[in-house]
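Engineer: Please read through the structure below; I'll follow up with questions.
The numbers here are math on the coordinates, done by the rules we state, and not lab data. Worth saying up front: this structure is predicted, and the values here are computed from it rather than measured. A quick note on method: Cβ atoms are made from the backbone with ideal geometry, for glycine too, and the neighbour counts reach across all protein chains shown.
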There are 2 protein chains.
Amino acid sequence: MSGKILMLILDGIGDRSVKELEGKTPLEAAETPNLNRFAKEGENGLMDTIAPGIRPGSDTGHLSLLGYDPYEAYTGRGPFEAAGIGMDLGPQDVAFRCNFATLEDGKIVDRRAGRIKEGTEELAEAVRDIDLDVDFKFEKAVEHRAVLVLKGEALGGGVNDIDPHETGTGYHEATPLENSKENKRTARILNKFVRKSIDVLSDHPINKKREKEGKLPANVILPRGGGKVPELEDIQTKHDLNAGAIAGIPLVRGVCSLSGMDVIEVEGATGGLDTDLDSIIDAIIEGFEDNEFILANIKGPDLSGHDGKAKDKIDFIEKIDSSVGKLRELEETYIAITGDHSTPVTVMEHSGDPLPLTIWGEDVRTDDVDEFNERACSNGGINRISGGDLLNILKDLADLTEKFGA
Amino acid sequence: MSGKILMLILDGIGDRSVKELEGKTPLEAAETPNLNRFAKEGENGLMDTIAPGIRPGSDTGHLSLLGYDPYEAYTGRGPFEAAGIGMDLGPQDVAFRCNFATLEDGKIVDRRAGRIKEGTEELAEAVRDIDLDVDFKFEKAVEHRAVLVLKGEALGGGVNDIDPHETGTGYHEATPLENSKENKRTARILNKFVRKSIDVLSDHPINKKREKEGKLPANVILPRGGGKVPELEDIQTKHDLNAGAIAGIPLVRGVCSLSGMDVIEVEGATGGLDTDLDSIIDAIIEGFEDNEFILANIKGPDLSGHDGKAKDKIDFIEKIDSSVGKLRELEETYIAITGDHSTPVTVMEHSGDPLPLTIWGEDVRTDDVDEFNERACSNGGINRISGGDLLNILKDLADLTEKFGA
């Protein structure tokens, strides 16, 4: 009888030897009785999400975990962010992440317009009135963030960022990254969009009010991370799975949604260190009523990794540990516990260091590993695998694959 | 902050169980306190330079270690030997290794012309006067060796060896390996070159003198290992690294030089068992003033492997061990210690046996391995990787990579 599959992705969980932890990794230093029990009862190993030494983004990493070749499927961050906030995308569209920013005398003085929180919906409405040569959608996201989608055919995704990624300088002109008619057209439209965003935002009442209050006006839109919407084979077709995804951050929701997974809303799942872990675990258990495969991303460890805070990473890992025990209730389910990439506190960025991996389920070949961490798992029975093979391994364990050959 | 990278390639270091060493490998039998210390403080594993069971040459092995696919990049030994002795190569050129040999009554009686050492420059000058249908370069190399480069367009690299690789037989006619206009042209030119080499060498004063002294004359040039110069993407472009190479033998120097690495001259580095190891270690340390990445090849272990001499291999490994400790001085540097292939004394040739690998650096995930050898490293935290991934892994550790995605 076929079973079910859970990928529990602890975002950025992998780390390196940390001096202040006497050479341990945060995961080794943390008290994790529940995770360790999964390791002890499961089989263990290391996983290179994309390939050894390749530093995955959260987008390319999750693409690989879902069995897509990120070198083929990845066209830029924009489309995933757009899909992640629920925008409807056509296969010809080109999407950009955007910031509301502050321009003064031709220079960007704040890339986040004083981390503007209120009034962005009204500003977005004004932006939507811009007259461009193509249809477009513009939606605010969290705080100063927004998404721009240019609709229709004959548009290229290869243009540079308008966002200069620094202050005290002007914004960039869009130019085609590779010379094609389509990229040139996108660049021309994008430049017009940015100029017109200044026109409609500069004297907007919301900004007038902000200036009166001594706040920085959100008087320009800075697009970046442009890309054409990738044509991902639907996960139903590709893997013959009813699949659901739980993720706090738009980028990962976008990857899952563009691959045709059902994105499950979880109250209290913020993608931050304040996320409601019990709520996520409950949603996973409930989600298996409708799905054979669930991917759940817990963002916290990555945040502490980026901040270089070993103690915070340990604390959050221990919080995760105290919630995951309940997953043992799941029957006929194979659970993989791993990450999408390492975010070592010594690096403060994603890294290509391989991830610890535990696969738990009734009849897996157990090994001598009895702790869930980088070093312990490296001695496990799985040895070292590629992230692109993980879903196939789980499908095979759960008897959800077809035999190849006779 | 980004660090630096050293690949210390102990040529042919890998071996098999040797009966006379009570089943140990030479590396296991050797006393190697310094190498062991790197292993104890580092992470360890096995490496297949190209792929499991594939027996690498020193050329294809180093190509793989530098991240090139040898199945695409390798066109034959000739171009690497030519580059290795400093010849200037164009992208259309076809290069051959050559021997000065002795022909008697239409038969090759010595493929090395009595291992001729003196007078080869004068003989080469005579060869350079040959009138061919294309421009060509001809340079003597060490002892009886030389290199021929045919210049210009419309030349193919696919012709068989003129060198019969045995004595008592005539030399081979060049014929195209695959039928193409270019290969045919090269074959025609090469046959003309060989015939004319006999003309200009037979009565050359150097040979007259040799015969008078009872030495074998160097009266024919035997080309072999022909290949079109491969178009390798420059390592600066490919890996964004300032890279330097230290290698005693022309073949490895050629691979490094054709990939755009700066070949560092080291006095006393002979590529033999008499090489000055301390000098090499000093050159590595000094080389990091100008480079982010250094590959240093130490040829010795391979030579004893080819000779089948376990005791010599052990002795040379112990010599290496007594020199490498100084590398611990290198700060913010990730050091990989491994080989380019195994050369087991039981095989007396290169083999595809995987190599021991230690990666040492400040925050690597240490493991329980405390010896640098085949068996100990096989229990390490790295498990088993491909040689083609090594540079990516090191770049990732040293924070010299770009994130793929967001």
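Engineer: Please report, in whole Å³, the volume per residue of the convex hull around the C-alpha atoms of the stretch B:15-108.
Structural biologist: 239 Å³
Engineer: Counting residues in the stretch A:185-273 as N, plug N into 2.2 N^0.38 Å and put the Cα Rg over that result.
Structural biologist: In units of the globular-protein estimate, the stretch A:185-273 measures up at 1.60.
Engineer: If you don't mind, another one. Determine the equivalent ellipsoid of the stretch A:324-406 by diagonalising the alpha-carbon gyration tensor, then write out the semi-axes as square roots of 5 times the eigenvalues, largest first, rounded to whole Å.
Structural biologist: Working from the Cα gyration tensor, I get semi-axes of 25, 17, 13 Å.
Engineer: Another question about this same structure. How many Cβ atoms of partner chains, on average, are near each residue of A:48-54 if near means within 10 Å of its Cβ?
Structural biologist: What the average comes to for A:48-54 is 6.
Engineer: Calculate the dipole size of the stretch B:159-260 relative to its Cα centre from +1 charges on Lys and Arg beta carbons and -1 charges on Asp and Glu beta carbons; express the result in debye to the nearest 20.
Structural biologist: In debye, rounded to 20, the stretch B:159-260 gives about 520.
Engineer: Moving on. About the Cα centre of chain B, how large is the charge dipole given +1 on each Lys and Arg Cβ and -1 on each Asp and Glu Cβ? Please answer in debye to the nearest 20.
Structural biologist: Here the size comes out at about 1780 debye.
Engineer: Compute the signed sum of charges (Lys and Arg +1, Asp and Glu -1) over the other residues within less than 15 Å, Cβ to Cβ, of A:Pro217.
Structural biologist: Combined, the nearby Lys, Arg, Asp and Glu give +1.
Engineer: Given B:Ser322, A:Ile298, B:Val94, which one lies farthest toward the positive end of the charge dipole of the protein assembly as shown, if we put +1 on the Cβ of every Lys and Arg and -1 on the Cβ of every Asp and Glu?
Structural biologist: In the protein assembly as shown, that residue is B:Val94.
Engineer: Please state the charge dipole magnitude for the stretch B:190-338, taken about the Cα centre, from unit charges on C-beta atoms (+1 on K and R, -1 on D and E), reported in debye and rounded to the nearest 20.
Structural biologist: On the way: 19 positive and 28 negative charges, 329 e Å.
Dipole magnitude for the stretch B:190-338 comes out near 1580 debye.
Engineer: Let me ask you something else. Binning at 10 Å from 0, report for the stretch B:49-99 what percent of all alpha-carbon pair distances ends up in each bin.
Structural biologist: Bins of 10 Å from zero give 24, 50, 23, 3 percent of pairs.
Engineer: Net charge near A:Phe100: determine it from the other residues with C-beta under 9 Å of the C-beta of A:Phe100, scoring Lys and Arg +1 and Asp and Glu -1. Provide the component values of the computation, followed by the final result.
Structural biologist: Numbers: positive: A:Arg112, A:Lys140, A:Arg145; negative: A:Glu143.
Charge balance in the 9 Å sphere: +2.
Engineer: Look at the axis of the rotation that sends chain A onto chain B, then give the chain A residue with the nearest Cβ and the distance in whole Å.
Structural biologist: That would be A:Asn383, 3.
Engineer: Still on this structure, please answer the following. Work out the P(r) tail for the stretch B:81-228: percent of alpha carbon pairs separated by more than 26 Å, whole number.
Structural biologist: Details: 2011 of 10878 pairs.
Here the long-distance tail beyond 26 Å is 18 percent of all Cα pairs in the stretch B:81-228.
Engineer: What net charge is computed for the residues neighbouring B:Ser17, neighbours being all others with C-beta under 15 Å from the C-beta of B:Ser17, Lys and Arg scored +1, Asp and Glu -1?
Structural biologist: So the environment of B:Ser17 carries a net charge of -1.
Engineer: Can you give the relative contact order of the stretch A:235-347 as a percent, counting alpha carbon pairs under 8 Å and 6+ residues apart?
Structural biologist: Working: 145 pairs, mean separation 29.1, N = 113.
Relative CO of the stretch A:235-347 lands at 26 percent.
Engineer: When you count, for each residue, the other Cβ atoms within 10 Å and take the mean per peptide, how do B:73-79, B:373-379, A:139-145 rank with the highest first?
Structural biologist: For the peptides B:73-79, B:373-379, A:139-145, the packing ranking is B:73-79, B:373-379, A:139-145.
Engineer: Take chain B, compute every pairwise Cα distance, and split them into 10 Å bins from 0; I just need the percent in each bin.
Structural biologist: Calculated P(r), rounded to whole percents: 5, 22, 29, 23, 15, 6, 1, 0.
Engineer: What are the label-to-label distances in nm, one decimal and shortest first, from B:Thr237 to the same spot in the other copies, with labels 7 Å along Cα to Cβ?
Structural biologist: 3.6
Engineer: Further question on the same structure: What distance in nm lies between label points placed 7 Å from Cα along the C-beta direction at B:Glu166 and A:His306?
Structural biologist: The answer from the label model is 6.8 nm.
Engineer: Let me ask another. Would you mind computing the Rg to Rh ratio of the stretch B:267-406 from its alpha-carbon coordinates, Kirkwood style for Rh?
Structural biologist: 0.97
Engineer: What gaps in nm, shortest first, separate A:Met348 from its twins in the other copies when you place the label 7 Å past Cα toward the beta carbon?
Structural biologist: Distances to the matching label points in the other copies: 5.9 nm.
Engineer: Roughly how many Å is it from the Cα centre of the stretch B:86-106 to that of the stretch B:260-291, as a whole number?
Structural biologist: Computed from Cα coordinates, the inter-centre distance equals 28 Å.
Engineer: Place +1 on the Cβ of every Lys and Arg and -1 on the Cβ of every Asp and Glu in the stretch A:89-228, take the dipole about the Cα centre, and give the residue among A:Leu177, A:Asn207, A:Asn191 whose Cα lies farthest towards its positive end.
Structural biologist: A:Leu177
Engineer: Related question: Using a Gaussian network model on chain A with a 10 Å cutoff between Cα atoms, which of A:Ile198, A:Ile162, A:Ile281 fluctuates the most?
Structural biologist: A:Ile198
Engineer: Counting helices only, and only those DSSP H runs with n ≥ 4, report the 222 nm mean residue ellipticity of chain A as the sum of -39,500 (n - 2.57) divided by its residues, in deg cm²/dmol to the nearest 500.
Structural biologist: Numbers: 15 runs with 135 residues, N = 406.
Per the formula, -9500 deg cm²/dmol.
Engineer: Can you list the copy-to-copy distances for A:Ala406, using a point 7 angstrom from Cα toward Cβ, in nanometres, shortest first?
Structural biologist: Result, one decimal in nm: 5.0.
Engineer: Could you rank the peptides A:172-179, A:51-58 by their average count of other C-beta atoms within 10 Å per residue, with the highest value first? Don't skip to the answer; put the middle values down first.
Structural biologist: On the way: A:172-179: 15.1, A:51-58: 24.2.
With the highest mean Cβ count within 10 Å placed first, the list reads A:51-58, A:172-179.
Engineer: What is the order of A:Asp105, B:Asp161, B:Asp278, fewest Cβ neighbours within 10 Å to most? It would help to have the intermediate numbers written out before the result.
Structural biologist: Working: A:Asp105 6, B:Asp161 16, B:Asp278 13.
In increasing order of surrounding Cβ atoms, one gets A:Asp105, B:Asp278, B:Asp161.
Engineer: Between their Cα atoms, which of B:Lys24/B:Lys395; A:Lys117/A:Lys228; A:Lys137/A:Lys228; B:Lys19/B:Lys326; A:Lys137/A:Lys192 are more than 22 Å away from each other?
Structural biologist: B:Lys24/B:Lys395; A:Lys117/A:Lys228; B:Lys19/B:Lys326
Engineer: How many percent of the alpha carbon pairs in the protein assembly as shown exceed a separation of 47 Å?
Structural biologist: 35 percent
Engineer: Tilt of helix A:277-287 relative to the longest C-alpha principal axis of chain A, in degrees (0 to 90, nearest 10)?
Structural biologist: Value to nearest ten degrees: 80.
Engineer: Apply 1/(1 + (r/R0)^6) to the Cβ-Cβ distance of A:Glu125 and B:Arg384, taking R0 = 56 Å, and write down the FRET efficiency to the nearest 0.05. Don't skip to the end; give the middle numbers.
Structural biologist: Values: r = 57 Å, r/R0 = 1.03.
The computed FRET efficiency comes out at 0.45.
Engineer: Continuing with the same structure: Rounded to whole Å, give me the distance from the Cα center of the stretch A:318-366 to that of the stretch B:200-255.
Structural biologist: The stretch A:318-366 and the stretch B:200-255 have Cα centres separated by 54 Å.
Engineer: Extending each Cα 7 Å along its Cβ direction at A:Glu143 and B:Gln236, get the distance between those two points in nm, one decimal.
Structural biologist: 4.0 nm
Engineer: Using a Gaussian network model of chain B with C-alpha springs under 10 Å, which one of B:Ala126, B:Ala269, B:Ala83 is most mobile by mean-square fluctuation?
Structural biologist: So, out of B:Ala126, B:Ala269, B:Ala83, the one fluctuating most is B:Ala126.
Engineer: Which value in nm describes the separation of the simple spin-label points at B:Tyr71 and B:Glu22, placed 7 Å from the Cα toward the beta carbon?
Structural biologist: For B:Tyr71 paired with B:Glu22, the spin-label model returns 4.3 nm.
Engineer: Taking chain B as a Gaussian network, Cα atoms linked when under 10 Å apart, which of B:Gly305, B:Gly226, B:Gly106 shows the biggest mean-square fluctuation?
Structural biologist: B:Gly106
Engineer: Which angle between 0 and 90 degrees, to the nearest 10, do you get for helix A:387-397 versus the longest principal axis of chain A when only C-alpha atoms count?
Structural biologist: 50 degrees
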